[in-house]
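First the structure, in the form of structure tokens, and then the observations on it.
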Amino acid sequence: MSELEQEARYALSVAADWAEEGLARVTESDIAVLAMSVLAARNPELYAVASTDDEVDDVEQVIAAAVWDVLEVQPDLRWYFEGVAGGSE
């Protein structure tokens, strides 16, 4: 098991605990998004190599993939990354 996969599993367990305690919504997608945030917060070094918006998007896609791989599903998140790339326009 890779270190990133271990981190994703930990992040998912934290997110699931928060949902169980009523601190987050209980849907799979909400737990996954929360887990992505936990994973990113615990591993800021993942962003160290990112200097452009495209590189940040790449890091976020790696984080999302790690979480979804642990959940054993592959949702289509293009809408999210396209929205992030579009900014607030």
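Laid out as a table, the results:
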quantity: Residue in the range 62-81 that is nearest to residue 36 (Cα to Cα), counting only those that are charged (D, E, K, R) and at pLDDT 70 or above; calculated: 69
quantity: Matching residues in the range 42-61 - criterion: being under 16 Å from residue 10 (Cα atoms) and either open to solvent by 80 Å² or more (accessible area, probe 1.4 Å) or at pLDDT below 90 (or both); calculated: 42, 44
quantity: Failed item in (1) among the small types (Gly, Ala, Ser); (2) at pLDDT below 90; (3) surrounded by 12 or more Cβ atoms within 10 Å (Cβ to Cβ), with residue 87 passing the rest; calculated: (3)
quantity: Hits in the range 28-73 - residues which are in a loop (DSSP other than H, G, I, E, B) and within 21 Å of residue 1 (Cβ to Cβ); calculated: 43, 72, 73
quantity: Failed condition for residue 28, given (1) of a type outside the set (Phe, Trp, Tyr); (2) open to solvent by less than 90 Å² (accessible area, probe 1.4 Å); (3) touching a Leu at 6+ places or on another chain (Cβ under 8 Å); calculated: (2)
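The values are calculated or read from the model by the stated rules, or taken from the named source; none is laboratory data. Quick caveat, the model's predicted, so the values are computed rather than measured. No Cβ is skipped: glycine too gets one built from the backbone with ideal geometry, and neighbour counts run over all protein chains shown. Calculation scope for accessible area: heavy atoms of the full protein, side chains included, ligands and nucleic acids excluded. Shrake-Rupley method; radii C 1.70, N 1.55, O 1.52, S 1.80 Å.
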